[in-house]
Amino acid sequence: MKLFTRSVPPGGSARASLAGWLYGLFMAATLLICLLAWGRVPYARAEFSRVFLSPWLLLVLGLVFILCLFWLSERIAPLIRHGRLALLIATVCLFAFQVAAVVQYYFFTDWDVEALLDLSYQLVHGGESEGLVQYFSRYPNNLVLGWIFAQVRGLAAGLGLERFEYGLLLVLQCAFNALTGALLVLLLRELGASRSRLILGYGLYVFLIGLSPWVSIPYSDSMCLPFPCLAAWLALRKGKGKTGAGILRWALIGLCSWIGYRIKPQAIFLLLAVLLRGLFSLRDSAVRKRALPALAGLAAGLLAASLACSAVVNSLPLTLDEEAAFGPAHFLMMGLNSETMGVYSREDVEFSKSFSTQKERNEADLRVALERVRTLGAKGLARLGVQKTLTNYGDGTFCWDGEGEFYVGAVERGNSRFGAFFRDLYYSRQWEGRFFPLWANFAQLLWLAILFLGLVCAWRAGDARIDCLMLAILALSAFELLFEARSRYLYIYAPLYIALAVRGLDARRKDPEQTSE
């Protein structure tokens, strides 16, 4: 069931699509802001980037590193005889390494993570606190994740491993992280990447995400990491022309997209991008006929996932105040707060809390948001946009250490050199590690280089599948510019940024196949 047709006809000229031009212009502006405004324009969370070297230097070093990795992958590729077996071994090794490392450097943190851990503990071991009821009444989007945490805790408790409930959550996140690396390889293969490019993409993933300490923080970022990449692979892979298989595949796309959405709302942008790009193929009557079964499967998957998530939430023994929930207007209001430069604002939270009903709260929040637009004017909005772009895109660590108190509970460990190395690598602020500036700068140089190569990909020969990835990232970026800014919110789309970067290296190479489902 081929839903995406060729963007470039056989033998035709290779021109970038509208999505490519939009993505290219946006990413060019973003890179220029990160390169020119860093250190000159104040922005939220800038203190967490204090260890970075010059962005120009880091970009050059990042490109050199990727070219070296590219050279190495070209030489490794002929040595691999069984690609699937090699990918399986790499995935298992990455998982084992992550578990061994996380055990050595994990710690306890506060912010939203603490609320989720408290909820899951009480669901398994009993109890209810007024503070948790207030939190989840205000942020009900985290209820599904709280239920997932409770299932993991319940499994550990059922096996008599109560002491390892927290550790099992981290092991699950390590498994999701390693699985996402394999999904990226599968996605790149569907996009026509050669074996050497697959190795390069996997290497970039391991260095940027596989080694990221965010895997040690039990929250939606790591739990949702596989979902956008899985949805992209399912939606863009080549089909066999069998209607039944196509319906099932699109049902799975709807299922994983909605579950990802309920864990982290930004996960839905990949599905929206696929649907938007698919509209351009509906001019062909044959495509329209093939699209109907796909839409039926997608609707069935979305409905099944929605009903399942609703059942999960309704099963929770919490008496929530539905009128206390914060709506999109609240986050739009915070995103337009020039005093906090578009990030979390305690004053805005207190303002929203002061209203007893959702209707009153949404109306008041929207009035404040519109008043801030009028007060800022075009110049003020442009400056705020620059500041939020730096907050969103200016940190390749995804603003590690940038939430709450962050380091609130140390874990007693031995004095092994292996563990001490990782604590020196990832601990910052009051627990400053000796090697933290090295890791932070390494992550930043990789991130800047990946963004640059993704920009190159924007003007390559048009490909509907690439368009979907670029549209998803454009939607995500627009969301973060409008609403509350967070670098961490880009984390679950990091595999897609890497996929575009790898394809950017092939900008002048003719694709062997430019059709997909």
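Across the stretch 309-326, the qualifying residues are those that are in contact (Cβ under 8 Å) with a residue 12 or more places away in the chain and part of a helix (DSSP H, G or I), and the one among them that is surrounded by the most Cβ atoms within 10 Å (Cβ to Cβ) is ALA324.
Filtering the stretch 192-241 to residues that are without any contact (Cβ under 8 Å) to a residue 40 or more places away in the chain and of a type outside the set (A, V, I, L, M) leaves only LYS240.
Of the helices (runs of 4 or more DSSP H) lying entirely inside the stretch 183-259, those carrying at least 3 residues that are more than 18 Å from the chain's Cα centre (by Cα) are 195-205. Taken as a whole, the stretch 224-236 holds no residue that is farther than 30 Å from ARG75 by Cβ, out of contact with any Cys (no Cβ under 8 Å at 6 or more places or on another chain), surrounded by fewer than 24 Cβ atoms within 10 Å (Cβ to Cβ) and at pLDDT below 95.
For the residues ALA100, ALA77, ALA115, the requirement of being touching a Leu at 6+ places or on another chain (Cβ under 9 Å) and either among the charged types (D, E, K, R) or under 28 Å from GLY433 (Cβ atoms) (or both) singles out ALA115.
Checked against (1) without any contact (Cβ under 8 Å) to a residue 12 or more places away in the chain; (2) touching a Phe, Trp or Tyr at 6+ places or on another chain (Cβ under 9 Å), ARG163 meets all criteria but (2).
Residues that are under 25 Å from ILE259 (Cα atoms), in contact (Cβ under 8 Å) with a residue 40 or more places away in the chain, assigned to a helix (DSSP H, G or I) and in contact with a helix residue (DSSP H, G or I) (Cβ under 9 Å, 6 or more places away or on another chain) occur in the stretch 106-113; there is at least one. Every condition in (1) under 23 Å from ARG486 (Cβ atoms); (2) of a type outside the set (S, T, N, Q); (3) surrounded by fewer than 21 Cβ atoms within 10 Å (Cβ to Cβ); (4) modelled with pLDDT of 90 or more is met by ARG374 except one, and the failing one is (1).
Taken over the stretch 382-427, residues that are part of a helix (DSSP H, G or I) and either out of contact with any Ser or Thr (no Cβ under 7 Å at 6 or more places or on another chain) or not aromatic (Phe, Trp, Tyr) (or both) amount to 21.
For the stretch 335-344, state whether one or more residues are loosely packed, with under 13 Cβ neighbours inside 10 Å, assigned to a helix (DSSP H, G or I) and out of contact with any helix residue (DSSP H, G or I) (no Cβ under 7 Å at 6 or more places or on another chain).
If we filter the stretch 335-344 for residues that are loosely packed, with under 13 Cβ neighbours inside 10 Å, which is where we start, we get 339.
Checking which are assigned to a helix (DSSP H, G or I) leaves us with none.
Within the stretch 335-344 (the criterion being loosely packed, with under 13 Cβ neighbours inside 10 Å, assigned to a helix (DSSP H, G or I) and out of contact with any helix residue (DSSP H, G or I) (no Cβ under 7 Å at 6 or more places or on another chain)), the answer is no, since none of the residues qualifies.
Among the residues making up the stretch 66-91, those that are hydrophobic (A, V, I, L, M, F, W, C) and touching a helix residue (DSSP H, G or I) at 6+ places or on another chain (Cβ under 7 Å) are ILE66, LEU69, PHE70, ILE76, ALA77, ILE80, LEU87, ALA90. Note on the stretch 317-349: residues that are acidic (Asp, Glu) and farther than 30 Å from GLY126 by Cα total 3. Here the condition is being in contact with a Leu (Cβ under 7 Å, 6 or more places away or on another chain), part of a helix (DSSP H, G or I), surrounded by 15 or more Cβ atoms within 10 Å (Cβ to Cβ) and small (Gly, Ala, Ser); of ALA369, ALA300, it holds for ALA369 alone.
The values are calculated or read from the model by the stated rules, or taken from the named source; none is laboratory data. Keep in mind that what you see is a predicted model, and the values were worked out from it rather than measured. FYI the Cβ positions are ideal-geometry reconstructions off the backbone, even for glycines, and counts take in every protein chain you see.
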